[in-house]
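The values are calculated or read from the model by the stated rules, or taken from the named source; none is laboratory data. Just so you know, these numbers come straight off a predicted model, no measurement behind them. Neighbour counts are summed over all protein chains in view; Cβ atoms, including those assigned to glycine, are modelled from backbone coordinates with ideal geometry.
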Amino acid sequence: MSEAQPVRLDTEGEIGVITVNNPPVNALSPGVPEGIVAALRAAEANPAIRAVVLIGAGRSFIAGADIRQFGKNRVRPPLGQRVYDVLDAGTKPVVAAIHGYALGGGLEVAMACHYRIAVPTAKVGLPEVLIGILPGGGGTQRLPRLIGPKAAVDMIVTGRHVPAPEAAALGILDEVLPEGADLRAAAIAYARRVAAARPLPRVRDRTEKLAEAKADPALFDDVRKSIARRARNQKAPYNCILAVEAACTLPIDDGFKREQELFAELENSDEARALRYAFFAEREAAKLPDLPPGVAPRDVRSAAVVGAGTMGGGIAMSFADCGIPVKIMDSTPEAAARGIERIMANYATSVRRGSLTEDEMKRRLSRIEVVGDYADIADADVVIEAVFEEMDVKKPVFRALDRAMKPGALIFSNTSALDIDALAAETSRPGDVAGTHFFSPANVMKLFEVVRGAKSSPETLASAMALGRKIGKIPAMAGNTDGFVANRSRAPFNSEMVILLEEGCLPEQVDKVMVDFGYPMGPFAVGDLAGLDIGAAGRRRRAAANPNYRKLPIADRLVEMGRYGQKTGAGWYRYEKGDRTPHPDPEVARIIRETAAAMGVAQKTFTDQEILRRLLFSSVNEACRILEEGKAYRASDIDVMWLHGFGFPRYRGGLMFWADQIGARAVYDQIAAWHQAYGERWTPARLLRDLAESGTPFREAKPAPMT
Ligand code: 3HC
């Protein structure tokens with residue numbers, strides 16, 4: 001909260017203007033709701049004031065409750081005395097003047113006002129479900145009264161941000177101002193116009209839209225069915241539905257009570273704690289603690305991508321989607337043409353599915369230009385190399401970029417494992433070079449792993465992080481180590497899942513455990529989607545570099561047989577022509593049996609928990625090594641990478657947050673036992689042992705300085 005008073009009441013003639021000023025987003029931190037209540041009471045008591053405007057200073061109206069206060073012993077006013085109730089009880093019209101965001105408690109305050117006006121760029125929403133709770137400021141009762149239960153339940157269960165024009169069409173806003181209008185002046189004028197209007201239009205008094213639920217008795221069950229897969233293991237989405245249902249059946253004050261009960265069930269749930277953690281972890285990951293003060297990122301207005309393969313195309317789309325013009329080139333015109341065809345096909349699919357309009361597709365495509373020569377990309381502010389993942393292929397590209405690019409251009413490599421310093425050494429400007437590792441599909445996956453080379457300048461690193469945010473990704477920093485942070489921490493999981501097969505598991509059994517845990521797909525099904533040949537190439541490279549590398553004979557055998565996954569109709573599963581559904585394959589079961597027998601591995605059965613822990617603990621151990629070596633800033637950065645790179649269920653917080661729920665001691669003891677049973681690959685990391693011995697949670701681990 002700012003030092004100054006977070007809420008102020010001014011008068012403009014007969015209009016009282018209440019300004020909330022709690023940077024950066026005007027959250028309802030302690031003092032803010034109390035300040036609004038005091039200002040409302042003062043305006044009510046002042047006979048010179050006939051109507052009131054409620055507005056936010058800075059970049060937003062009110063972004064909601066202060067999330068940092070949840071889970072603490074918050075002092076909350078009882079029903080009847082909250083800011084919403086004071087608004088309901090008022091006798092003078094209050095106009096909410098919205099810019100930036102009116103989210104959660106912010107929209108709830110606005111809905112308790114009598115009128116709502118907004119600038120066209122404003123966004124409103126009730127995103128509480130995304131942090132594992134429900135709107136607890138009357139939002140579940142007022143929104144259905146304003147826009148009908150069907151639209152309300154959709155907004156509350158998805159938590160989506162609704163742009164002002166749509167919010168007006170739905171009935172949330174009374175007016176959207178023309179572009180460029182002065183919100184404060186317009187709101188004061190609006191308040192003058194409605195100063196004498198009586199009775200005051202209170203949302204709580206409206207019931208006409210609730211009839212919709214009576215006309216459609218299956219409404220709420222249909223919503224429950226439609227979210228069943230994505231909301232599995234979670235409670236908040238279901239409590240949101242129950243609360244809106246209550247709005248349709250109970251008088252509003254009873255509805256408020258029901259909302260409170262349903263809210264109380266959620267606030268301290270594991271799911272809410274994990275989701276709050278994830279919210280702050282993402283914001284923390286964007287910060288570079290060792291950056292010298294005053295380093296500003298370079299401005300990026302144009303981009304280039306070298307390599308028009310699947311990754312290069314997806315990266316070009318990421319720029320185009322965010323309004324940045326991008327040039328794309330490949331070694332031959334044919335390869336570039338194939339790349340642009342793939343991009344067009346991807347966009348066309350989005351148009352067919354209704355997630356993109358034809359016009360927007362054309363706008364995006366118009367930002368992508370295929371060029372044939374390095375000279376054509378020389379003036380780009382940033383270039384991303386996305387050619388084949390081989391040092392010998394990438395090095396000449398870096399030499400060419402060094403010759404071609406304008407001074408000050410950022411030169412980034414989209415590599416998933418290769419040494420960024422070796423690439424930087426091919427140039428005369430290693431300070432401008434860093435890694436930017438996109439995840440597949442690059443235009444969809446949010447993780448943007450920035451790899452810090454030994455010579456990357458602070459400005460280059462700050463620019464890479466800012467670029468990630470600019471193109472709508474979640475950036476997180478990694479040190480230069482084989483596989484960087486995301487893939488390196490995931491590698492033991494990838495080995496362990498195949499080793500489990502040697503010991504008696506089947507792919508479908510492992511996949512079921514991980515889907516039940518919350519992953520959208522099991523790891524074997526994901527392997528088939530990505531292509532098993534890709535993993536095999538990585539294993540070959542690692543085996544060449546490390547004579548003790550643990551071979552995975554079952555996985556190698558499938559690749560030798562040409563079972564590359566979906567693209568060949570068979571991998572860990574078999575696939576019917578033109579269908580992506582994985583079917584368990586007796587042939588795979590036979591290969592597993594034969595290989596295990598040839599290796600002399602004893603077969604046993606596994607519980608679900610053993611499978612889960614074998615996979616995830618192996619990665620926790622490696623993550624500890626990464627921290628101990630100073631290749632990541634924080635344990636929570638690793639969580640962000642798992643959430644946005646690998647589909648780890650968000651409501652479990654991330655790999656390390658999940659491990660903290662078990663405790664470093666228990667994780668260490670299990671890993672030490674497996675070390676005895678299975679040998680070297682389970683050697684406990686030194687940091688893990690230290691955390692276990694000192695009783696320190698993973699999230700508080702102190703990594704070595706980043707190198
Ligand atoms: N509480 C506490 N801190 C918040 C916050 C909140 N509601 N919203 C944002 N912040 C903090 C962020 O942690 C960040 O802090 P930092 O600079 O120290 O890292 C800072 O504000 C800026 O946030 P962003 O980097 O996210 O800024 P953006 O401009 O990218 O996004 C935003 C702005 C869309 C408002 C985004 O911050 C957001 O989605 N905030 C959360 C909104 C939300 O969930 N509201 C509902 C809260 S629950 C509630 O209202 C319960 C009620 O029903 C009773």
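General observations
- Counted residues, segment 43-59 - those being among the small types (Gly, Ala, Ser) and away from the ligand (no atom under 16 Å from the Cβ): 4
- Cross-chain or 6+ apart pairs with Cβ under 8 Å, segment 77-95 first and more than 15 Å from residue 32 (Cα to Cα), then among the acidic types (Asp, Glu): 79/85; 79/253; 90/44; 91/44; 92/44
- The one condition in (1) exposed (fewer than 12 other Cβ atoms within 10 Å of the Cβ); (2) at pLDDT below 95; (3) among the basic types (Lys, Arg) that residue 225 fails to fulfil: (2)
- Residue within segment 451-465 that is of a type outside the set (Asp, Glu) and assigned to a strand (DSSP E or B) present: yes
- Within segment 445-471, residues that are among the acidic types (Asp, Glu) sit with their Cβ atoms under 7 Å from residues that are modelled with pLDDT of 95 or more and within 15 Å of the ligand (Cβ to nearest atom), at 6+ positions apart or across chains, in these pairs: 449/476.
- Exactly one residue out of 13, 31 is over 24 Å from residue 190 (Cα atoms) and surrounded by fewer than 18 Cβ atoms within 10 Å (Cβ to Cβ), and it is 31.
- Residues within segment 390-416 that are more than 22 Å from residue 459 (Cβ to Cβ) and surrounded by 19 or more Cβ atoms within 10 Å (Cβ to Cβ), tallied: 3
- Residue list for segment 82-95, filter: away from the ligand (no atom under 15 Å from the Cβ) and either polar (S, T, N, Q) or under 35 Å from the mean Cα position of the chain (by Cα) (or both): 91, 95
- Condition check for residue 36: more than 11 Å from the ligand (Cβ to nearest atom), in contact with a helix residue (DSSP H, G or I) (Cβ under 7 Å, 6 or more places away or on another chain) and assigned to a strand (DSSP E or B): no
- Subset tally (residues that are in a helix (DSSP H, G or I), without any contact (Cβ under 8 Å) to a residue 40 or more places away in the chain and loosely packed, with under 14 Cβ neighbours inside 10 Å) for segment 599-621: 1
- From the list 285, 304, 316, 308, the lone residue that is farther than 18 Å from residue 377 by Cα, out of contact with any His (no Cβ under 9 Å at 6 or more places or on another chain) and surrounded by 24 or more Cβ atoms within 10 Å (Cβ to Cβ) is 285.
- Scanning segment 448-470 for residues that are surrounded by 22 or more Cβ atoms within 10 Å (Cβ to Cβ), within 15 Å of the chain's Cα centre (by Cα) and not acidic (Asp, Glu) yields 448, 468.
- Verdict on residue 92 being modelled with pLDDT of 95 or more and closer than 28 Å to residue 276 by Cα: no
- Failed item, numbered, when residue 69 is tested on (1) touching a residue at least 12 places away in the same chain (Cβ under 8 Å); (2) more than 11 Å from the ligand (Cβ to nearest atom); (3) surrounded by fewer than 16 Cβ atoms within 10 Å (Cβ to Cβ): (2)
- Residue 147 away from the ligand (no atom under 12 Å from the Cβ) and touching a strand residue (DSSP E or B) at 6+ places or on another chain (Cβ under 7 Å): no
- For segment 388-413, the set of residues classified as of a type in the set (A, V, I, L, M, F, W, C) and touching a helix residue (DSSP H, G or I) at 6+ places or on another chain (Cβ under 8 Å) consists of 388, 391, 398, 400, 401, 404, 405, 409, 410, 411, 412, listed by residue number.
- Taking segment 543-575 as the range and being out of contact with any Gly (no Cβ under 9 Å at 6 or more places or on another chain) and assigned to a helix (DSSP H, G or I) as the test, the residues that pass are 543, 544, 545, 553, 554, 556, 557, 560.
- Scanning segment 313-338 for residues that are closer than 12 Å to residue 368 by Cβ and modelled with pLDDT under 95 yields one hit, 336.
- Residue in segment 177-184 that is within 15 Å of the ligand (Cβ to nearest atom) and of a type in the set (Lys, Arg) present: no
- Residue list for segment 517-548, restricted to those being closer than 13 Å to residue 647 by Cα and of a type outside the set (A, V, I, L, M): 517, 518, 519, 520, 522, 523
- Per-region count, segment 398-424, residues in contact with a strand residue (DSSP E or B) (Cβ under 9 Å, 6 or more places away or on another chain), closer than 19 Å to residue 707 by Cβ and outside any helix (DSSP H, G or I): 4
- Subset of segment 666-707 that is hydroxyl-bearing (Ser, Thr, Tyr) and in a helix (DSSP H, G or I) - its residue that is modelled with the lowest pLDDT: 678
- Each residue in segment 170-219 was checked for being in a strand (DSSP E or B) and either in contact with a Pro (Cβ under 8 Å, 6 or more places away or on another chain) or surrounded by fewer than 14 Cβ atoms within 10 Å (Cβ to Cβ) (or both), and 1 of them qualify.
- Scope segment 369-393; condition part of a loop (DSSP other than H, G, I, E, B), among the hydrophobic types (A, V, I, L, M, F, W, C) and closer than 21 Å to residue 539 by Cβ; matching residues: 388
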